[in-house]
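The numbers here are math on the coordinates, done by the rules we state, and not lab data. Model, not experiment: these values are computed from the prediction. In this analysis, Cβ positions are derived from the backbone assuming ideal geometry, glycine residues included, and neighbour counts consider all displayed protein chains.
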Amino acid sequence: MSQHKSLQGPRGLVIKRNVLKRFERIETLKKRGQWKDGDRVTGLRKTKPDA
């Protein structure tokens, strides 16, 4: 799948996204200790990307 041109900066650099995909949110919650195996993947709490 190709990336839309509006998401690419000069010389093809990728602009930082402010919305995480579900698997990225789960990884973030695991790092913070707010996720355990067996939790539901729907209705996840809001997370901000790590800076």
Hey, which of these cross-link pairs are over 19 Å Cα-Cα: Lys16/Lys36; Lys21/Lys48; Lys5/Lys46?
Lys16/Lys36; Lys5/Lys46
Going by average Cβ density within 10 Å per residue, which order do the peptides 16-28, 33-45 take, highest to lowest?
16-28, 33-45
